[in-house]
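The values are calculated or read from the model by the stated rules, or taken from the named source; none is laboratory data. These figures come from a predicted structure and were not determined experimentally. Note that we place each Cβ from the backbone using ideal geometry, even for glycine, and neighbour counts take in every protein chain shown. To get the accessible areas, we keep the full protein, side chains included, count just its heavy atoms, and leave off ligands, DNA and RNA. Shrake-Rupley method; radii C 1.70, N 1.55, O 1.52, S 1.80 Å.
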Amino acid sequence: MKRFIFQIAILFLSAIALTARSATAEPIKIMIVGPGSELSPIAISELKNLDGDDDHRLSAEFDGTLQRNLELSGYFRLIKPQAYIEDPQKSGYELGQFNFSDWHTINASFLVKGAVSRKGDTVKLTAFLYDVAQQRRMMGKNYTGGEEDVRTMARRFADSILEATTGQLGPFDSKLAFVSTRGGRFKEVYWQTLDGETLFRVTDNPTINLFPGFDRTTNHLLYLSYKSMEPALYLADLQSEREIQIKNPNGKVIGGAISADASRVVAAVERDGATNLYLMTGTGAQIRQLTDTAGINVSPAISQDGSTLAFTSDRSGTPQIYTMPLEGGQAHRVTYSGDYNTTPAFSPKGDRIAYQSRANSRFDIWSIPVAGGEPEQLTEGAGSNEHPSWSPDGRYIAFSSTREGRPRAYIMMVSNRKVISPLTEGKGDDSCPAWSWWLGD
């Protein structure tokens, strides 16, 4: 897909209501408290065709993608279009050009309306979010791009809807990398949009590929592969489709992590039965050894600010989560509950660590303050749940689970521990999800 530039203009909140309303009424703000929290009903009207979308294909792409991402958010209940009263091609989309009562009648709390035009290769799209009860415009965006960019416009508008209704930008203009056997019996690395509408295969070799991870730009992806007949890390440039191999002279590389700025890689290196961590540059030059024990030190993860390393070590007798400064220093034990804790993942703010913990031959996802303390169990009672990865806004965790049979990637809202939906579909086993930063950031 060719690169494009969105021209985004924030449209001011309207101060004029169509009809008189109660002076005591308050704008809707969504707050999710617990697993039984009620979803807010939202209607997404077909975009008004201003020019060049006579078959409404662009509108259908925008609306469909927007619906999927709002469903993934766990905040909204989509009202079916069959319930809509007005004809969007005969009514307007600006404040004052349509009747709010048509939407209040079908119990919509929020309403999305907009318009689209296409001239040659250029698409211009305007979208607004309305508060139906308040009869006011909450937010609006203008987008310009190609036809192939309409779905990205919808994802970015979904993120803006979450920002307008919850006060925090949504995380759906991003990527999810994962490992899958959908192409055959071998484990290959893929990435997809969160809604699954775009899927790209990164590796294509008859062997095992594991543990993908993005840098902050999402242009670089680090993964482990056995394609050279022995394990090594590979740093792939997703734009140029070139990659470099990262090895270590001290032994076999069996895992690794990349820093947000792609300047540092931490490699887990096995030799003579012991596995230790080494700090390396993004081009594979060794800087220093970080751990030196006779046991295992694996599953490295680097905080978003690049200051702290989390990893799994059995130096206390059982695998536990530890942290230490990325440039080296004293290791600090974080977890004390459970006898097998691994795959740590930093939250975007760096204040918490998600990890998987084993009990009764199955894993569950837990979260704990980065300094240690009382852990919080996030999954329970269904399958084995592994490899947590935080969304860029910190509200969600992607993880792999066998709760419905074969392994797939799922999305969970952290605040209420609600597993919203599978993120991956198709034949084969999907594991090791890694959620990227925002694409437009």
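Summary of values
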quantity: Qualifying position, being under 29 Å from Ile208 (Cα atoms), open to solvent by less than 50 Å² (accessible area, probe 1.4 Å) and modelled with pLDDT under 95, among Ala345, Ala382, Ala398, Ala354; calculated: Ala382
quantity: Top-ranked residue of the stretch 288-305 - restricted to ones that are of a type in the set (Val, Ile, Thr) and free of Cβ contacts under 8 Å to residues at least 24 places away in the same chain, ranked as surrounded by the fewest Cβ atoms within 10 Å (Cβ to Cβ); calculated: Thr293
quantity: Search result, residues across the stretch 53-75 that are within 15 Å of Leu39 (Cβ to Cβ), in contact with a strand residue (DSSP E or B) (Cβ under 7 Å, 6 or more places away or on another chain) and in contact (Cβ under 8 Å) with a residue 24 or more places away in the chain; calculated: Leu70, Glu71, Leu72, Gly74, Tyr75
quantity: Cβ-Cβ under 9 Å pairs, at least 6 apart or on other chains, the stretch 357-372 side modelled with pLDDT under 95, far side in a strand (DSSP E or B) and open to solvent by less than 20 Å² (accessible area, probe 1.4 Å); calculated: Arg362/Asn385
quantity: Residues of the stretch 222-281 that turn out to be part of a loop (DSSP other than H, G, I, E, B) and either of a type in the set (D, E, K, R) or at negative phi (or both), as a count; calculated: 17
quantity: Subset of the stretch 127-151 that is hydroxyl-bearing (Ser, Thr, Tyr) and surrounded by 21 or more Cβ atoms within 10 Å (Cβ to Cβ) - its residue that is farthest from Gly64 (Cα to Cα); calculated: Tyr130
quantity: Test: residue in the stretch 365-377 that is open to solvent by less than 30 Å² (accessible area, probe 1.4 Å) and more than 26 Å from Ser307 (Cβ to Cβ); calculated: no
quantity: Subset of the stretch 182-193 that is in contact with a strand residue (DSSP E or B) (Cβ under 6 Å, 6 or more places away or on another chain) and not basic (Lys, Arg) - its residue that is most open to solvent (accessible area, probe 1.4 Å); calculated: Trp191
quantity: The stretch 201-221, subset in contact (Cβ under 8 Å) with a residue 24 or more places away in the chain and in a strand (DSSP E or B), residue surrounded by the most Cβ atoms within 10 Å (Cβ to Cβ); calculated: Pro212
